[in-house]
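The values are calculated or read from the model by the stated rules, or taken from the named source; none is laboratory data. Computed from a predicted model, the values in this text were never measured in an experiment. Methodologically, a virtual Cβ is constructed for each residue, glycine included, from the backbone with ideal geometry; neighbour enumeration extends over all protein chains shown. Note: accessible area is taken over every heavy atom of the protein model, side chains too, but ligands, DNA and RNA are not part of it. Shrake-Rupley method; radii C 1.70, N 1.55, O 1.52, S 1.80 Å.
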Amino acid sequence: MRTQVGIVGAGPAGLLLSHLLHLAGIGSVIVESRSRAHVEARIRAGVLEQGTVDTLVESGLGERLAREGLVHRGIHLSFGGARHAIDFEQLTGHSVTIYGQHEVVKDLLDARTRAGADIVFEVEETSVYDLDSERPVIRYRKDGQDQEIVCDFIAGCDGYHGVCRPSIPPGVLRIFERTYTFAWLGILADAPATSDELVYANHERGFALYSMRSPELTRLYLQCRADEDIADWPDERIWDELHRRLETDAGWRVAEGPILQRGITPLRSVVVEPMRYGRLYLAGDAAHIVPPTGAKGLNLAVADVRVLAKALASFYRAGRTALLDAYSATCLERTWRVQRFSWWMTAMLHRFDASTEFDRQIQLAELSYVTSSRAAARSLAENYVGLPLSV
Ligand code: FAS
Ligand code: PHB
């Protein structure tokens with residue numbers, strides 16, 4: 001098989017790249033190791049930055065998003081038994097939209113299917129070769145048959161556990177990382193929303209987050225040890241811990257309901273430099289991981305793909321390589337700022353094993369400052385709604 005851009009991974013990064021390239025008249029093929037049903041059902045992120053919403057709307061994917069997305073003008077920070085509002089619209093003029101990542105993936109898959117896209121699901125043994133040549137190659141096995149795609153370029157959109165980043169020769173990459181000693185236990189519950197906006201709680205028992213997917217579906221997280229076994233968390237223990245960490249002295253609490261999905265997500269910060277080797281370009285989680293406290297993982301993937309799609313269009317339209325050559329530096333500049341914000345939110349809201357009473361007082365002082373100073377609140381707000389795509 002022959003294509004202009006071979007894409008490994010049909011997550012949000014791979015699917016959006018394929019969609020934007022199609023709109024620019026550039027052909028692509030996506031190979032994906034899981035089934036379409038699995039990719040569509042994966043419950044992950046939930047908050048879309050303004051820039052992500054604009055990207056989806058501008059590329060013709062805004063119809064269901066406008067109908068079902070929940071526009072949120074701010075968040076609450078909860079500490080000391082009370083919730084404190086951070087009003088994004090008042091501070092920045094922008095908002096965020098709650099619309100599950102799996103809904104974005106469904107919309108992208110529908111659009112690509114309607115356009116007759118070439119997406120090969122349930123592939124095995126994916127590998128990439130000749131990355132520093134002008135004809136890089138993707139190889140994979142499908143239904144017992146070995147297949148090969150000769151490409152002009154390969155986009156590694158295969159996430160943190162993919163094969164593209166490890167295919168770059170040793171000594172090329174610098175990997176920066178921080179691993180946290182805690183994780184998030186997340187649930188999706190058939191329970192009505194009891195707050196119009198997200199609530200991030202710093203509690204002495206640990207962090208908790210109240211989010212949602214619709215007025216009837218709530219998404220909740222609580223900090224737990226990184227080595228926790230979900231089997232040790234029966235429903236009543238989960239709800240009890242969420243109530244202890246989230247409810248306020250004024251009596252606000254979350255509503256309970258049947259738990260539809262549950263899982264434990266480790267927290268880590270990773271940045272890989274450079275995000276390119278030869279004609280392989282890494283995008284999304286394949287190049288960086290942010291702790292979900294800043295709601296940035298999906299949004300950062302979208303930002304990378306916008307830059308890459310524009311650079312590839314410049315190459316095919318005018319033979320220019322300047323944007324491709326600048327891809328890694330352009331994305332890393334914004335990635336590090338987003339990494340900083342995600343780290344800062346994580347440090348401010350979580351209970352750290354080695355933290356002392358002094359550390360706890362500093363956390364509470366940070367929270368008190370952010371919720372009482374317009375300048376500090378504006379800094380949080382402008383990062384949360386999304387930094388400009390080209391910082
Ligand atoms: P993805 O990981 O989404 O997609 C990569 C795709 O490549 C997958 O479909 C995978 O099957 C495929 N693939 C992997 N190896 C392959 C191979 N060898 N061959 C072919 N295909 C291969 N972010 C938030 O902002 N908020 C959250 O609450 C949040 N929760 C998360 C929970 C979990 C469990 C995880 C893992 C991530 C979470 N994230 C969250 C981050 C997440 O949303 C990512 O940022 C987002 O999925 C990034 O999209 P992609 O870069 O497309 O990577
Ligand atoms: C979610 O709704 O899944 C969500 C919201 C905000 C975060 C992380 C996850 O920071």
Review point. Here are some conditions: (1) without any contact (Cβ under 8 Å) to a residue 60 or more places away in the chain; (2) closer than 18 Å to Ser211 by Cβ; (3) surrounded by fewer than 22 Cβ atoms within 10 Å (Cβ to Cβ). Glu236 meets all but one. Which one does it not meet?
Key: (2)
Check your understanding: Given the structure, is Ile43 assigned to a strand (DSSP E or B) and either away from ligand 2 (no atom under 16 Å from the Cβ) or touching a strand residue (DSSP E or B) at 6+ places or on another chain (Cβ under 9 Å) (or both)?
Key -> no
Review point. What do you reckon, is Gly74 surrounded by 16 or more Cβ atoms within 10 Å (Cβ to Cβ), within 16 Å of ligand 2 (Cβ to nearest atom) and under 12 Å from Tyr384 (Cβ atoms)?
Key: yes
Practice item. With respect to Arg340, determine if the residue is surrounded by 14 or more Cβ atoms within 10 Å (Cβ to Cβ), under 19 Å from the mean Cα position of the chain (by Cα) and free of Cβ contacts under 8 Å to residues at least 40 places away in the same chain. Key: yes
Check your understanding: Out of the residues in region 157-203 that are part of a loop (DSSP other than H, G, I, E, B), of a type in the set (Ser, Thr, Tyr) and not assigned by TED's automatic domain parsing to the domain that holds Ala283, which is most open to solvent (accessible area, probe 1.4 Å)?
Key -> Thr194
Practice item. Might you let me know whether region 300-321 holds any residue that is modelled with pLDDT under 95, among the charged types (D, E, K, R) and more than 16 Å from ligand 2 (Cβ to nearest atom)? Key: no
Exercise for review: List every residue pair whose Cβ atoms sit under 6 Å apart, with the two residues 6 or more apart in sequence or on different chains, where the first one lies in region 243-266 and is part of a strand (DSSP E or B) and the second, anywhere, is among the aromatic types (Phe, Trp, Tyr).
Suggested key: Thr265/Trp184
Exercise for review: Could you run through region 48-63 and say how many residues are more than 16 Å from ligand 2 (Cβ to nearest atom), touching a residue at least 12 places away in the same chain (Cβ under 8 Å) and open to solvent by 50 Å² or more (accessible area, probe 1.4 Å)?
Suggested key: 1
Review point. Looking at region 284-320, which of the residues that are within 14 Å of ligand 1 (Cβ to nearest atom) and part of a loop (DSSP other than H, G, I, E, B) is nearest to the chain's Cα centre (by Cα)?
Key: Lys296
Review point. Would you pick out the residues in region 261-278 that are touching a Pro at 6+ places or on another chain (Cβ under 9 Å) and within 16 Å of ligand 2 (Cβ to nearest atom)?
Key: Thr265, Leu267, Arg268, Ser269
Exercise for review: Determine whether region 94-102 contains at least one residue that is open to solvent by 70 Å² or more (accessible area, probe 1.4 Å), closer than 21 Å to Leu77 by Cα and modelled with pLDDT of 95 or more.
Suggested key: yes
Check your understanding: So how many residues does region 29-47 have that are open to solvent by less than 20 Å² (accessible area, probe 1.4 Å) and either at pLDDT 95 or above or aliphatic (A, V, I, L, M) (or both)?
Key -> 6
Exercise for review: Give the residue that is most open to solvent (accessible area, probe 1.4 Å), with candidates limited to residues of region 267-278 that are touching a Leu at 6+ places or on another chain (Cβ under 8 Å) and part of a strand (DSSP E or B).
Suggested key: Arg276
Check your understanding: Out of (1) buried (at least 17 other Cβ atoms within 10 Å of the Cβ); (2) more than 15 Å from ligand 2 (Cβ to nearest atom); (3) assigned to a helix (DSSP H, G or I), the odd one out for Tyr281 is which?
Key -> (3)
**Study point:** Matching option when the condition is farther than 16 Å from Ala13 by Cβ and outside the structural domain of Ala155 (by TED's automatic domain parsing), among Arg320, Arg262, Arg337
**Key:** Arg262
Study note, to complete from the structure: In region 80-138, residues that are of a type in the set (S, T, N, Q) and either within 16 Å of ligand 2 (Cβ to nearest atom) or outside any helix (DSSP H, G or I) (or both) total 6
